[in-house]
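Worksheet: one structure, shown below.
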Amino acid sequence: MLLSVENLRVSYGEIKALHGISFQIDKGEIVCVIGANGAGKSTTLQAISRLIPVEPGSRMTYEGKSLLDYSADKVVSQLGISHVPEGRRLFGNLTVMENLRLATFARKDGADIERDVGRVFSIFPRLEERKTQKAGTLSGGEQQMLAVGRAFMSGRELMLLDEPSMGLAPLLMLSVFDALKEINDQEGTTILLVEQNARMALKFAQRGYVLESGSLVLEGDSEELLANPEVKKAYLGG
Amino acid sequence: MIFFQNLVNALQLGSFYALIALGYSMVYGVLMLFNFAHGDVFMVGAYIGFLVSTGLLTLANLGAVALPTWLILALTIILAMFLTSFVGMLVERVGYRPLRGAPRASAAISGLMIGIFLETFVLWLGGPKRRSFPALIESTTYELGGVIVTNKKIVIVLVSMLLMLALHLFVRRTKWGMAMRAMAYDYVVVPLMGVPLNTIAALTFGLGSALAAAAGVFFGIAYPVLDPYMGIRYGWKAFVAAILGGRGSVLGAALAGFMLGFIEIFVAWIFPSTWRDLIAYSIILLILTLRPHGFFGEPYSAQLRL
Ligand SMILES: Nc1ncnc2c1ncn2[C@@H]1O[C@H](COP(=O)(O)OP(=O)(O)OP(=O)(O)O)[C@@H](O)[C@H]1O
Ligand SMILES: [Mg+2]
């Protein structure tokens, strides 16, 4: 077991966003969490990244280490957990190359950094063509590629992806998911994906969880969930 | 000729404003915060320069160490910058970091109070007496086609420009500078790059304070009297230059600092000197009305939360 989340509770003031959810991920797996708007998907990823505080009693362990002992930047630099945030959040004032380089801020393995830049460019040749362009001027699809590439540069043990399909045309969406599959295959990167696009997510992932108003209500293999009548009705459009 | 004479004076005054303005501008850019204690950090830098240079001169006069004056000057600048950067980092740690999640107004008040603290601290330690800064540069005057230039002015303007160039390169070319620019755009997700926010915040304060200390030492060399309230007089004007330059822009703050020097000196040349600030700052106000975001300015993301 790579990541274990137990009884995770998060509140924003009075609003309770997560009511004690628990799940596990093994090394090398691709797992998705599906749910409607406001279900708490982004909150879950932000809690794992330590971007937001969690309620007492929540436990999150990664390779046996408690994530609560790490600050957000250390989760990335010491544990190799990267996070593609919702809405990509690229640094629009920096170039493509600078965005990739910044993600290696704490890395000391110079030669590997060069290799990884090469990997990103081989997966997304478009980015290499545009490496001196400001990230803010990229198209939506290119921005998503850069967001994935940047996360890969910062840490590739576990990647947390927040709606990578958002705003992408179907074909581009497929190519981003293909790239993620390639990273998972070749680098052994474990992937935790949250998506509103349940069909896409379940086709891509091996297992899935269904999050509803801050609680996990269903879990299972992707085929099971795709065939589940409740899931079909609520998330797959009948 | 009088024009060129004024130009030289404007360059020197502009150097002070520009060096101080950079500290305001960087902190505003990176942390979205007005550091109202910064003028007083400039004052503290001047006093630290005063202590360092007086100490070194005393050592040299005792014959304890052989220190040529140029070396004392160089050491004074370097040590004042180094030590004052810690004052700046302390200001961040004590005055701003605990308030990072608080409303902006609280941070502004905190800065003002730290400023008052620094003024009264220096007053308490050094007394209300004005201090004369030791002469670190033996004054030589050159006459170039009727324009009188002192070697002090040349050193001050040149070293100031070098420091600004160094800062520009640091911000553009190093990974720390890159992290600062990223924070200026969208600080919320910067930790996801493995970048420790607190380190970059401290670095930003440290760099700005070091430049303010250089301005303080140069001020001491040029005017040679220091008092605990000099930071307020010059700080506020440099703050204006920082806003005029555009949020977080090194080039903008430097240009606006020099421009402020020019406007003040040339207004005083044409009009009675008691009108100087009235007219000079009316001009600035007019420019700001036309360019409310200043000359340049780092772009930032509209999303300032997760
Ligand atoms: N900063 C915040 N302050 C207050 N409430 C918040 C904040 N962020 C999220 N919430 C609330 O917490 C709940 C879960 O939000 P979250 O962003 O995790 O949902 P989500 O599943 O990612 O939704 P979406 O699919 O729309 O991105 C929502 O009710 C939301 O309104
Ligand atoms: Mg979300």
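The values are calculated or read from the model by the stated rules, or taken from the named source; none is laboratory data. Since this is a predicted model, take the numbers as computed values, not measurements. With ideal geometry, Cβ positions are generated from the backbone for all residues, glycine too; neighbour counts draw on all protein chains shown. Accessible surface areas use protein heavy atoms only, side chains included; no ligands, DNA or RNA. Shrake-Rupley method; radii C 1.70, N 1.55, O 1.52, S 1.80 Å.
Side notes on the structure shown:
- Distances between placed amide hydrogens fall under 5 Å for A:Tyr70 paired with no residue 5 or more residues away or on another chain.
- With 5 Å bins beginning at zero, the pair-distance distribution over Cα atoms of segment B:141-189 amounts to 5, 18, 14, 14, 11, 9, 9, 7, 7, 5, 2, 1 %.
- DSSP-defined beta bridges in the protein assembly as shown - what % are antiparallel, rounded to 5: 60
- In terms of packing, defined here as the mean over residues of other Cβ atoms within 10 angstrom, the peptides B:134-142, B:223-231, B:57-65, B:162-170 line up highest first as B:223-231, B:162-170, B:134-142, B:57-65.
- The share of accessible area on chain A that comes from carbon and sulfur is 50 percent, using a 1.4 angstrom probe.
- Scalar couplings 3J(HN,Hα) for segment B:269-281, obtained by applying the Karplus form with A = 6.51, B = -1.76, C = 1.60 to θ = phi - 60°, are 6, 8, 9, x, 5, 5, 8, 3, 5, 4, 6, 4, 7 Hz; x denotes Gly and Pro.
- The alpha carbons of segment A:126-183 occupy a box of 28, 26, 18 Å along the principal axes, longest dimension given first.
- Residue pairs, from the table A:Lys108/A:Lys203; A:Lys134/A:Lys181; A:Lys74/A:Lys131, whose Cα atoms sit over 32 Å apart: A:Lys108/A:Lys203
- Computed from Cα positions, the angle between helix B:69-91 and the longest principal axis of chain B comes to roughly 30 degrees.
- With the helix formula -39500 (n - 2.57) applied to DSSP H stretches of n ≥ 4, chain B reaches a computed 222 nm mean residue ellipticity of -24500 deg cm²/dmol.
- Angle of helix A:140-154 to the longest C-alpha principal axis of chain A, folded into 0 to 90 degrees and rounded to 10: 90°.
- Shielding value for A:67-74 is 3, the average number of Cβ atoms from other chains within 10 Å of each residue's Cβ.
- Given in Å, the Rg to one decimal and the Dmax to the nearest whole number for the Cα atoms of segment B:50-130 are 17.5, 55.
- Convex hull of chain B built on C-alpha atoms - directionally averaged projected area, nm²: 17.3
- Those lysines that a straight Cα-Cα span of less than 29 Å connects to B:Lys129, excepting residues fewer than 8 apart in one chain: B:Lys152, B:Lys153, B:Lys237
- When B:Leu286, B:Leu13 are compared by accessible area of protein heavy atoms, the largest-first order is B:Leu286, B:Leu13, using a 1.4 Å probe.
- Expressed as a fraction of 2.2 N^0.38 Å, the C-alpha radius of gyration for segment A:3-235 is 0.98.
- Most fluctuating residue given options B:Gly127, B:Gly245, B:Gly145, as computed from a GNM of chain B linking Cα atoms under 10 Å: B:Gly145
- Across segment A:169-183, rounded Karplus estimates of 3J(HN,Hα) from the backbone phi angles (6.51 cos²θ - 1.76 cosθ + 1.60, θ = phi - 60°) give 5, x, 5, 5, 4, 4, 5, 5, 5, 4, 4, 5, 4, 4, 4 Hz, Gly and Pro being marked x.
- Among beta bridges identified by DSSP and lying wholly in segment A:3-235, the antiparallel ones come to about 50 percent.
- Peptide A:76-89 is shielded by partner chain Cβ atoms: per residue, an average of 3 of them sit within 10 Å of its Cβ.
- Computed from Cα positions, the angle between helix B:230-245 and the longest principal axis of chain B comes to roughly 50 degrees.
- For segment B:124-176, the list of trypsin sites (Lys or Arg not before Pro) that fall in a loop by DSSP and count at most 14 other C-beta atoms within 10 angstrom reads B:Lys129, B:Arg130.
- At least 40 Å² accessible surface lost relative to isolated chain, residues of segment B:160-179 (1.4 Å probe): B:Lys175, B:Met178
- Using only the C-alpha atoms, the convex hull of segment B:225-282 corresponds to 97 Å³ per residue.
- Semi-axes of the equivalent ellipsoid of the protein assembly as shown are 54, 23, 21 Å, computed as sqrt(5λ) over the eigenvalues of the C-alpha gyration tensor in descending order.
- Coupling constants for segment B:148-165 follow from the phi torsions by the Karplus curve (6.51 cos²θ - 1.76 cosθ + 1.60, θ = phi - 60°), and in residue order they are 8, 10, 9, 5, 4, 4, 4, 4, 4, 5, 5, 5, 4, 5, 4, 4, 5, 5 Hz; glycine and proline get x.
- Dimensions in Å of segment B:95-205 - Rg and Dmax from alpha carbons: 20.9, 60
- Segment B:176-306, Rg to Rh (Cα coordinates; Rh as Kirkwood inverse mean 1/r): 1.05
- Cα shape, segment B:1-59, gyration tensor, a/c 1.5 rule: oblate
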